[in-house]
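The values are calculated or read from the model by the stated rules, or taken from the named source; none is laboratory data. The shown structure was predicted, so the numbers you read here are calculated from the model rather than taken from an experiment. Reconstructed Cβ throughout: ideal geometry from the backbone, glycine too, with neighbour counts over all protein chains shown.
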Amino acid sequence: MTDLTAEERRLQWHCRRGLKELDMILGPFMDEHYRQLEPLDKALFMRLVDNEDVDLFNWFMRQGTPADPELERMIELILARLAR
């Protein structure tokens, strides 16, 4: 990702987590797909990465689901786009 806005740089840094597995999901999604999201989905992605690593890990590994259905939709969107 080149020519990042200040917000995108902050978000890209925030995608660097304490777990390598999350880095391998959030980083590539941010680099390859974030800019194509609709504004509401960009805000949703920001909300998603504000969650704790353990919760994100469990959600992405399908060992649980977030209480918020919108966050669940974003997780499915991320997994689907990275599976291509």
Could you grab me the full set of residues in the stretch 19-54 that are assigned to a helix (DSSP H, G or I) and within 15 Å of GLU70 (Cβ to Cβ)?
-> PRO39, LEU40, ASP41, LYS42, ALA43, LEU44, PHE45, MET46, ARG47, LEU48, VAL49
From the option list GLU38, GLU21, GLU32, single residue qualifying as loosely packed, with under 14 Cβ neighbours inside 10 Å, in contact (Cβ under 8 Å) with a residue 40 or more places away in the chain and either under 16 Å from MET74 (Cα atoms) or in contact with an Asp or Glu (Cβ under 8 Å, 6 or more places away or on another chain) (or both) is GLU32
Which residues, counting only those in the stretch 1-18, are outside any helix (DSSP H, G or I) and either over 18 Å from LEU77 (Cα atoms) or free of Cβ contacts under 8 Å to residues at least 24 places away in the same chain (or both)?
-> MET1, THR2, ASP3, LEU4, THR5, ARG16, ARG17, GLY18
If you check ASP31 against the conditions, is it charged (D, E, K, R) and at pLDDT 95 or above?
-> no
